[in-house]
Structure formats: structure tokens, C-alpha cells
Amino acid sequence: MVDLPPQPPPDPEEWTDEQWLAWLEATDAADADPDMRPPRMARWRDRPGSSVLGAAMLGLRDAIYGRPDDEAVVVRETSGDPPDDDLPVVHLDPDHPERSEVVIRRRRRRPPPDGA
């Protein structure tokens, strides 16, 4: 059983960095010991219904407010532009929008190698 660490002082400047690090390590040890957890703390996280409810709440937040902008963006350097074969060709007619068209080319299938 792990002893509970003393509570931090009201003024954070009273403790040194070493005291704060020791306190944080002691609280980590207390959280790791299941006997030291408060009885109702995090029980709801272990139930499948709470996971579904949490996912529904996040989905509702995204539907109302939009997705958060803090998502990671992956940027990768490449050599040159993408090949023009894969790009759709767009012909817009501003005077007659019904005559506008988009041409999408399908990739040609490569013939199977001999003996296949």
C-alpha cells in the first residue's frame, strides 16, 4: 500500500522544483495502486456504456461546433508535381452552366505478366 503524499502548499512558490517532482512521483505511485484510488473515481470509464456515451458526446460536439482545428497536419516533401494523368479535366461554361463538364480518366489496367 502506498502512502498518500502531502498536499501541496497554497502558494506554489513555497516548494522547490525537487519537492514538486517528488510530489508528482508520489501521486503517480498512489494512482497506480488500485487500493489507493477513491472508490468511485474512474469506475465509469471501465463500462462500455460510458464509452458509447462519450463517443456520442464528441460526435454531437463536432456536429454543432465543427471539428477542432488542433488536429495534426502531415506535410511531406516530394519531388515534382503529381502526374497529370490522375487529375480530372474541368471545363466550365460560365454563360451556360449546364454545358459544364468534368472528365475523369480511369487508370488503364496493366496486363498481367506472362505466365500468370
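How much length would be gained if the chain were fully extended between residue 110 and residue 91, taking 0.36 nm per residue of separation minus their Cα-Cα distance, in nm to one decimal? Mind showing how you got there, number by number?
Working: separation 19, 0.36 × 19 = 6.84 nm, distance 2.88 nm.
Length difference between fully extended and current span is 4.0 nm.
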Simple spin-label estimate for residue 51/residue 65, 7 Å along Cα→Cβ, in nm, reads 2.5 nm
Distance in nm between residue 75 and residue 26 label points, each 7 Å along Cα→Cβ, equals 4.6 nm
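Since every read-out is calculated from the coordinates, none of them should be taken as a lab result. On a predicted model such as this, the values are computed, not experimentally measured, just so you know. FYI the Cβ positions are ideal-geometry reconstructions off the backbone, even for glycines, and counts take in every protein chain you see.
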